[in-house]
Amino acid sequence: MPRLRCERCQRPLDHCLCSLIPALESRTRVILLQHPSEISHALNTARLAALGLNNAELRVGEVFDDLSELLATPGYRPALLFPGDDAQELLAYGETDDKPLLLIVPDGTWRKARKLLYLNPLLEALPRVTLGAVAPSRYRLRKAPQAGALSTIEAVVGALNALEQPACFDALLAPFEALIEGQIRAMGVETFQRNHGEG
Ligand SMILES: [Zn+2]
């Protein structure tokens with residue numbers, strides 16, 4: 001019999017993380033795009049990021065039909081958080097920045113994120129932004145295909161901390177850290193690595 005799950009955080013009820021999920025305000029609007037195959041991943045950090053930010057939204061899909069409307073959200077300028085030759089390092093908003101970013105964040109592995117861009121040419125055309133030097137991932141148990149790669153929630157926190165400094169969004173990581181610690185305790189490190197080592 002499947003365990004009952006919390007409808008909000010999708011964790012088993014006895015491991016519900018909702019009490020740790022903050023409700024942070026940000027100028028930046030964060031749109032997380034998730035491939036359907038990532039929903040059931042044990043560490044769905046995109047969902048935790050969307051729940052913890054008041055100005056954020058999680059979209060699940062492969063082809064996003066309403067993307068042009070989404071990207072035209074009034075009051076924001078869209079940018080894609082993804083590496084690229086012309087990607088700009090995220091810096092703090094200046095006095096001349098009249099519009100904050102509509103930050104589009106592809107979730108999942110690099111391979112899945114690239115596929116998402118391929119299937120949604122409007123994303124491919126967006127200006128790209130990346131994080132500058134950031135602390136190494138605390139997501140130490142999920143093998144990163146590239147050195148310095150972060151989980152989705154860590155990337156969002158890094159982006160918001162850079163853009164909106166001195167505001168700090170580290171509180172967003174609280175449920176993520178509890179999730180990782182809890183999983184290690186529950187399964188034992190070896191089992192965890194075996195089950196979640198693939199990206
Ligand atoms: Zn919950």
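So the check is Cβ under 8 Å with 6+ separation or different chains; which pairs have a first residue in the stretch 1-20 that's in contact (Cβ under 8 Å) with a residue 60 or more places away in the chain and within 15 Å of Ser40 (Cβ to Cβ) and a second one that's of a type in the set (Lys, Arg) and assigned to a helix (DSSP H, G or I)?
From the stretch 1-20, the pairs are Cys9/Arg47.
Would you be able to say whether some residue in the stretch 38-45 is within 21 Å of Cys168 (Cα to Cα) and modelled with pLDDT under 95?
Scanning the stretch 38-45, I find at least one residue that is within 21 Å of Cys168 (Cα to Cα) and modelled with pLDDT under 95, so the answer is yes.
Looking at the stretch 75-87, which of its residues are modelled with pLDDT of 95 or more and more than 15 Å from the chain's Cα centre (by Cα)?
Within the stretch 75-87, Gly75, Tyr76, Arg77, Pro78 qualify.
Could you say whether any residue in the stretch 5-16 is outside any helix (DSSP H, G or I), more than 8 Å from the ligand (Cβ to nearest atom) and more than 26 Å from Gln193 (Cβ to Cβ)?
No, there is no match, as no residue in the stretch 5-16 is outside any helix (DSSP H, G or I), more than 8 Å from the ligand (Cβ to nearest atom) and more than 26 Å from Gln193 (Cβ to Cβ).
Kindly check whether there is at least one residue in the stretch 147-167 that is modelled with pLDDT under 90 and surrounded by fewer than 16 Cβ atoms within 10 Å (Cβ to Cβ). Quick ask: steps written out before the conclusion?
Here is the first cut: in the stretch 147-167, the ones modelled with pLDDT under 90 are 147-151.
Add one more test, that the residue is surrounded by fewer than 16 Cβ atoms within 10 Å (Cβ to Cβ), and what stays is 147-148.
Yes, the stretch 147-167 contains a residue that is modelled with pLDDT under 90 and surrounded by fewer than 16 Cβ atoms within 10 Å (Cβ to Cβ).
Any residue at all in the stretch 81-89 that's within 15 Å of Leu122 (Cα to Cα) and away from the ligand (no atom under 16 Å from the Cβ)? Can you show your working first?
Here is the first cut: in the stretch 81-89, the ones within 15 Å of Leu122 (Cα to Cα) are 81-82.
Cutting the leftovers down to away from the ligand (no atom under 16 Å from the Cβ) gives us 81-82.
Within the stretch 81-89, one or more residues are within 15 Å of Leu122 (Cα to Cα) and away from the ligand (no atom under 16 Å from the Cβ).
Please go through the stretch 23-52 and give me each residue that is within 16 Å of the ligand (Cβ to nearest atom) and surrounded by 16 or more Cβ atoms within 10 Å (Cβ to Cβ), ordered by number.
Across the stretch 23-52, the qualifying residues are Leu43, Asn44, Thr45, Ala46, Arg47, Leu48, Ala49, Ala50, Leu51, Gly52.
Just a yes or no: is a residue in the stretch 91-112 modelled with pLDDT under 90 and basic (Lys, Arg)?
The answer is yes, given that some residue of the stretch 91-112 is modelled with pLDDT under 90 and basic (Lys, Arg).
Looking at (1) within 16 Å of the chain's Cα centre (by Cα); (2) within 16 Å of the ligand (Cβ to nearest atom), which is the only condition Ser19 fails?
Unmet condition: (1).
The values are calculated or read from the model by the stated rules, or taken from the named source; none is laboratory data. Treat the numbers as computed from the prediction; the structure is a model and nothing was measured. Note: ideal-geometry Cβ built from the backbone for every residue, glycine included; neighbour counts use all protein chains shown.
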